[in-house]
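See below for the structure under consideration.
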Amino acid sequence: MNSKNFLSLAIVLVLVSSHVLRSQTLNDGLVAFYPFNGNVNDESGNGNDGTASDVTFVNDRFGLPNSAGSFAGNSSSHVIINSTDLNLLPDFTVSVWINYTAGAGTEGPRIIGTSGYEITTDSTFVTERHINFDNTFSPGSGFTYVSSSDGVPAGVWTHIVGVRVIDELKLYINGSPAGSVSATELPDYSRGFVPKIGQNPGNDQDNYAGLIDDLRIYKRALSSDEVAYLYAIESSPRPTDTTPPIIVCPTVVSVPCSTDLLAPVAFNVSATDDMDPNPIVVCDPPSGSGFTIGSTMVTCTATDAAGNQSHCSFNVNRAALEFMGFSTPIGGSDSTGGTFANPIRTFKLTSTIPVKFTASCGGTPVLVGVHTLAVTKFSNATTGDAPIDATPQDAATTGNQFRLTDGAWHYNLDPKKTGMSTGIWLLTASLSDGSKHSVWIQLK
């Protein structure tokens, strides 16, 4: 897997500080993740994308191109994140890699800043800068901060984690504790600053010069073991991921009959991956779509963070209404409804033809729905004219719709008003669920 992709951080049986880490992932509670892969998109899936100004993308700590953000240290170089999702109350965590440029930038450079919390470095004239994690608890000057016990050198990649719990600020450098301080006041966001990377969120000052990478913001406090584990796995390139996810589709989904033309069908397709805890599954048609009667194939694709894909498919089989055939005087339907050469019944052109049927769904009579009648004249067994909507003889039927009478569906067809002529005709009843049933007749 490219180390700049959304990292698979599943913790499985890893021993840190003599404790076996719980089988959770370091993606739990992730609000935003900025790997700077040629852009400032949030790859946590939460949509907190940034907007970059005068930021270039360079090699990261592993030498991968276009995989870290380079900030110029001036008033125009920053990333704006126009989202209140980053305005967090305890517990929360901020994790980031930096590689600052000695002697560059402006006073008190901000690595990441909001109205309520910031990670900063010492002033630019300091040879080895201390790292600061602060929480603002009142508009203006009220704040609490913790500063690293030792400075970190310029030109070296350094991992920084700030953790805020309800009563304490904690700071970690390269996976190890670097300081803590009591903090009882909650972060205050009333100033309404838009979060920024590389600059003071309240103005265009305090500009950071250097590289920033893999900025993560959590709405929970990472434990010291998790911080150490995060540092360990982000300190080395991840192995190349060429294995596709395992996707599991149902064998078949069977749907009972209904009088609706489209029936919504929900189904579950799952996927697992050895490196990505949350591969994306997309199905066509998606779960919850409306399905017609008969068999519809659903094709699903699982994609992991490295772009590997796997596929599966299955059929959604929806039952049609049970058609009992046309009643007398016609009789029969479909396979028992005659042929062009042998129509099932002959009627006079001037007569009224009672077209009747019954249907059921799961043994229950169908007493609702819009069912219509169309007629098609054929000159031979395969050549038919355009279908004609039937015209009723009586006013009780609306248009070409059957009417319900005494538990059966009736249509008194008036051949002459419909525009029919002598010859061979196919009568077709279209039921509300989309099923169609036909019978051959002759008019003389």
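Couplings 3J(HN,Hα) of the range 172-177, computed from phi: 10, 10, 6, x, 10, x Hz, in residue order, whole Hz [Karplus 6.51 cos²θ - 1.76 cosθ + 1.60, θ = phi - 60°; x for Gly and Pro]. Here, P(r) means the percent of Cα pairs in each 10 Å bin from 0 to the largest distance; for the range 337-440 it is 15, 48, 31, 7. Spin-label model, residue 89/residue 422: points 7 Å from Cα along the beta carbon direction are separated by 8.9 nm. Compared with the direct C-alpha span, the chain from residue 243 to residue 280 gains 11.9 nm at full extension, assuming 0.36 nm per residue.
In the set [x] 4, 17, 20, 13, 9, 8, 10, 11, 7, 2, 0; [y] 4, 18, 23, 18, 15, 13, 7, 2, 0; [z] 4, 14, 14, 8, 6, 6, 6, 5, 5, 6, 7, 7, 6, 3, 1, 0, which value of P(r) over Cα pairs in 10 Å bins from 0, in percent was calculated from the structure you see? Computing P(r) over Cα pairs in 10 Å bins from 0, in percent and matching it to [x] 4, 17, 20, 13, 9, 8, 10, 11, 7, 2, 0; [y] 4, 18, 23, 18, 15, 13, 7, 2, 0; [z] 4, 14, 14, 8, 6, 6, 6, 5, 5, 6, 7, 7, 6, 3, 1, 0 gives [x]. Label positions at residue 75 and residue 102, each projected 7 Å from the Cα along the C-beta direction, are separated by 2.9 nm. If you plug the beta carbon distance of residue 315 and residue 381 into 1/(1 + (r/R0)^6) with R0 = 35 Å, you get a FRET efficiency near 0.65.
Compared with the dominant Cα axis of the chain, that is its longest principal axis, helix 224-234 is turned about 80°. Its DSSP H runs of at least 4 residues, each contributing -39,500 (n - 2.57), put the calculated 222 nm mean residue ellipticity of the chain at -1000 deg cm²/dmol, to the nearest 500. Legend: calculated FRET efficiency, residue 59 to residue 436, from the Cβ-Cβ distance at R0 = 60 Å, rounded to 0.05, equals 0.40.
Normalised by the residues of the chain, what does the relative contact order come to in percent, with Cα pairs under 8 Å and at least six apart?
Across the chain, relative contact order equals 13 percent.
Calculated on the alpha-carbon coordinates, the convex hull of the range 15-234 measures out at 110 cubic angstrom per residue. Would you mind checking 356/436; 170/219; 348/436; 356/444 for any pair whose Cα atoms are more than 18 angstrom apart? Exceeds cut-off: 348/436; 356/444.
Values in this text are rule-based calculations from the coordinates and carry no lab data. Everything numeric in this text was worked out from a predicted model, so none of it was measured. Here Cβ is always computed from backbone atoms with ideal geometry, including for glycine, and neighbour counts include all displayed protein chains.
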